[in-house]
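Quick notes on the structure that follows.
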Amino acid sequence: MASTVNSRVGKGTASPDQRRAFVADLLPEEFVPLEFLGGGAMADVWRVTHRVSGEMFALKMLRADWADYTVTQRLLENEAEVGAAVNSRYVVKVFAADLESSPPFLLMEWLDGEILENVLREQGKLAYIDALWIARQCAEGLESLRQAGYTHGDIKPANLLLAPDGSLKLLDLGFARRCRKIDADQIPTVDILTGTPEYLAPEALSAEPSWGVARDIYSLGVTLFQMLTGRLPFQAQQPGDLLRSQLGATPPKVRQFAADVPRELEELVAAMLAKQPVRRPQSLERLIRVLMELELANISSNSAAA
């Protein structure tokens, strides 16, 4: 029965009651599914509650049509491992996982807020002081991951959630990796090219890829550029053209599209988008310091002007 319902759920043909009943059977008995929230191409997300405490959680489960694929299983395993290992106010927490279930699922902290991608879609771009605050919190989350031995691997607005008070959480830890250099012949090509092309660091495309913090700093630089200007530094119709731009094209200056942005912030974004990792900020701690200094300086300037 479960596999039949699961098949219908995966194809989107099950009724709401059937979907809820399937999720209830999947969960430990102390949890109750409340509502289906949607999801991406590979996973569905539900809001669930604990019967006794009333505490809310998010259930993330692989869609039926992806549950048997090794790559998607590995992504969920990564997310379970990293989300349980990292304890940070800036990184989504994974409380439990059942990777042997059909389909596999994670039980995660419930988060109120809005995805940064949606905010940018609605507003176009952000005030630079708000962009600084978001970028600094993202860097704090990345530093928490680094201290636990991981990089995120897919920093972009779609993976950043803003709470109503403006605080930030890093989402989607499936592409997270141990901070290390690898040999290209030791791992499948699909792993080497993990990430999103618009935010992908040039070294991710090299013959000797590495999962160091420099890759996340580059992706955060693209995200910061987008927050400040309302556009991406590189735009192309074809993925190949976009990747060639990531490899060799010089990004435009931030102030070309946002003249009010302080020159020091423009210079920082340019450094974060340097093609060579050694030309970017050399540590997340240093990047956090610079972002905080710019944040404080511009808060002070705005207060004085007021």
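The values are calculated or read from the model by the stated rules, or taken from the named source; none is laboratory data. Since this is a predicted model, take the numbers as computed values, not measurements. Neighbour counts are summed over all protein chains in view; Cβ atoms, including those assigned to glycine, are modelled from backbone coordinates with ideal geometry. Heavy atoms of the whole protein, side chains included, go into the accessibility calculation; ligands, DNA and RNA do not. Shrake-Rupley method; radii C 1.70, N 1.55, O 1.52, S 1.80 Å.
Can you list residue pairs whose Cβ atoms sit under 7 Å apart, with the first residue in the stretch 56-82 being without any contact (Cβ under 8 Å) to a residue 60 or more places away in the chain and the second being among the polar types (S, T, N, Q) and surrounded by 19 or more Cβ atoms within 10 Å (Cβ to Cβ)? Count only pairs 6 or more apart in sequence or on different chains.
Pairs that qualify, where the first residue is without any contact (Cβ under 8 Å) to a residue 60 or more places away in the chain and the partner is among the polar types (S, T, N, Q) and surrounded by 19 or more Cβ atoms within 10 Å (Cβ to Cβ), are L62/T72; A64/N6; W66/T72.
Can you tell me which residue in the stretch 200-233 is surrounded by the most Cβ atoms within 10 Å (Cβ to Cβ), limited to those that are over 19 Å from N159 (Cβ atoms) and at pLDDT below 95?
So, considering only residues that are over 19 Å from N159 (Cβ atoms) and at pLDDT below 95, the one surrounded by the most Cβ atoms within 10 Å (Cβ to Cβ) is P209.
Go through (1) over 30 Å from A259 (Cα atoms); (2) open to solvent by 10 Å² or more (accessible area, probe 1.4 Å); (3) of a type in the set (A, V, I, L, M, F, W, C); (4) assigned to a strand (DSSP E or B) and name the single condition L161 misses.
(1)
Restricting to the stretch 275-306, what's the tally of residues that are modelled with pLDDT of 95 or more and under 19 Å from V261 (Cα atoms)?
Number satisfying all stated conditions: 8.
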